[in-house]
Amino acid sequence: MNFLVALLQIFGKKPIPPPTMPPQPSSPPIPPTPVSLPGDPPLIKSSKPPRLDPITYGTALYKEASKSGKMPDDFTPEAFYPKPYGYTPVEDDLNTVENERRTYCNFFVRTVARWFGWTNFKPPNWGGAGAMTRFMAAHPEIWEKLEGPWTYGGQSGTGPDYERATELATQGYLVIAAQVNQDAGKPGQATGHVCIVAPEKPTLFSSKWKRPVSICANIGASNFYGKTLSWAFGKEPMLFRFLGT
């Protein structure tokens, strides 16, 4: 470039100034996640930890878990996409019905957590189910882990406290069941599963886990409200009660 400028000066021509770029508009700020949206069930005022009216909570939770609906018989990716938490097409493998379906438990739990004033389950750091689980486990000042000794039918052990989880959920508190997959990767990309302990009594016996467990609202490989946690998880999950911030 300097060589060309020198030649132009020798022959008495002024160099052509480089073009100027017009000012670029600044990116609009990312709006904050709303604490509540129209239609969210109202919190009980002055409650610490935050809680909802149990009947209102159960009704809203059932409706939210039912939004995904049933995959229609005339399924096509164009007709079925998008659903709030339901099956969405996997573009690179549409040759079987099972591979045409993918669900998002983290979106569902994020919505329910927002009802209680918690809006931090979001990308890039804590948006996935596994990352959400790790966050709750690392912050007992916000998320109380519900575990302890249990005895049933001559058997005993230490693990998730389903009786307490059910008792708290039926009082209108937010209780999340969660686990991280063994092969989870980076904290922001960890895989796992999360669902909501429903405000329903009593706990019901699980032949898989050999003791009574909580009823839940689940979005995942199957979407339901009213079955036990053993239908949502292969192994027993951790349980966390939201304490508020």
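Quick note: the coordinates plus some simple rules give every number you see, no bench work behind them. A quick note: this is a predicted structure, and the numbers were derived from the prediction, not measured. Don't worry about glycine lacking a Cβ; one is built from the backbone with ideal geometry, like all the others, and counts go over all protein chains shown.
Annotations for the structure displayed:
- Options Thr158, Ser207, Gly226, ranked by Cα towards positive dipole end of region 156-245, top entry (Cβ charges): Ser207
- Near the amide H of Phe205, within less than 5 Å, lie the amide hydrogens of Val213, all on another chain or at least 5 residues away, with H placed in the peptide plane.
- Summarising the label geometry, the points placed 7 Å from Cα in the beta-carbon direction at Thr56 and Phe224 lie 3.0 nm from one another.
- Remark on Gly128: its backbone amide H falls under 5 Å from none of the residues 5 or more positions apart or on other chains, H modelled at 1.01 Å from N.
- Note on Ser230, Ser222, Ser66: ascending count of other Cβ atoms within 10 Å places them as Ser222, Ser66, Ser230, the fewest first.
- Residue order, fewest to most surrounding Cβ atoms within 10 angstrom, among Glu64, Glu163: Glu163, Glu64
- Amide H partners (placed H, <5 Å) of Ala198, local residues excluded: Ile215, Cys216, Ala217
- Residues Asp40, Asp161, sorted so that the one with the fewest Cβ neighbours within 10 Å comes first: Asp40, Asp161
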